[in-house]
Amino acid sequence: MPRHIVILISGSGSNMAAIVRAAAAGRWAQRFDARVAAVLSNRPDAAGLTWARGEGIATGAVDHKAFESREAFDAALASAIDAHSPALVVLAGFMRILTPGFVERYAGRLINIHPSLLPAFPGLHTHRRAIEAGCRVAGATVHQVTTELDHGPILAQAAVPVLPDDTPESLAARVLSQEHRIYPLAVEQWLAASSEVVARAT
């Protein structure tokens, strides 16, 4: 059975696009029997949905504004995800804090990228906080998602220098270029590792 990757976005989906391109270039379908099956968003107008549709990928939106609670939204989102029988759920700029029940539902197959060198600067405004703290390096981290925000096991990291004249915006742009490199790599490594587990079990 093909292994489906479902990617969640809230905006332009640049990390999503990097993963889709890597899947094609790296021949994930042939090597891992894996493909990006769907891109879902909590914002119906997310630009990344248009890009994904142009690539022939199924898309959908579950508007968080239509729900009275996080639990109700997460239940609807899980239903939309499960329609694609996901082997892996990838958060790529998905700007919602997920409930513990949602995280536990996809335990071991839910990953995220965060724009800091975790465990430093979990949460928001990471680039401004890194500059204000006088950090000489910043970066990005791919990690498994757990019920504790931005604290799951680390899968990949990349560091960039913090320059003397950096603004949060200039630092963010430099970090983002590294996100586009390490996120597809981390997904590929997850697929390779899970393929080995399946092979040993059969």
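Computed from the coordinates by the stated procedures, all read-outs in this text should not be read as laboratory data. Keep in mind that this is a model prediction, so the values were computed, not measured. Reconstructed Cβ throughout: ideal geometry from the backbone, glycine too, with neighbour counts over all protein chains shown.
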### Task
Sort THR147, THR59, THR126 so the one with the fewest other Cβ atoms within 10 Å of its own Cβ comes first.
THR147, THR59, THR126
### Task
Could you work out how far helix 14-25 tilts from the main Cα principal axis of the chain, as a 0 to 90 degree angle to the nearest 10?
50
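Kindly put MET1, MET95 in sequence by how many other C-beta atoms sit within 10 Å of each C-beta, fewest to most.
MET1, MET95
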### Message
For LEU124, LEU98, which order do you get if you count the other beta carbons within 10 Å of each Cβ and list the fewest first?
### Response
LEU124, LEU98
### Query
Exactly which GluC sites (Glu not before Pro) in region 1-77 are in a DSSP loop and have at most 16 other Cβ atoms within 10 Å?
GLU55, GLU68
### Query
If you line up the long axis of helix 168-201 against the longest principal axis of the chain, both from Cα atoms, how many degrees apart are they, to the nearest 10?
40
### Task
Treat each spin label as a single point 7 Å out from the Cα along the C-beta direction, and report the GLU71 to ASP45 distance in nm.
3.2
### Task
Can you pull the one-decimal nm distance between simple spin-label points at ALA192 and ALA25, each 7 Å off the Cα toward Cβ?
1.6
### Query
Cα-Cα pairs above 27 Å in the chain: how many percent?
29
## Note on the structure
Subtracting the Cα-Cα distance of ARG35 and ALA120 from 0.36 nm times their residue separation yields 27.4 nm
### region 3-201: antiparallel DSSP beta bridges as a percent of all, rounded to 5
35
### Query
Extension gain ASP82-THR147, at 0.36 nm per residue separation less the Cα-Cα distance, in nm?
21.4 nm
## Note on the structure
For region 119-174 the trypsin sites (Lys or Arg not before Pro) that pass both the DSSP coil test and the at-most-16 other-Cβ-within-10 Å test are ARG136
### Task
Within region 93-202, report the GluC sites (Glu not before Pro) that DSSP leaves as loop and that have at most 16 other Cβ atoms within 10 Å.
GLU148
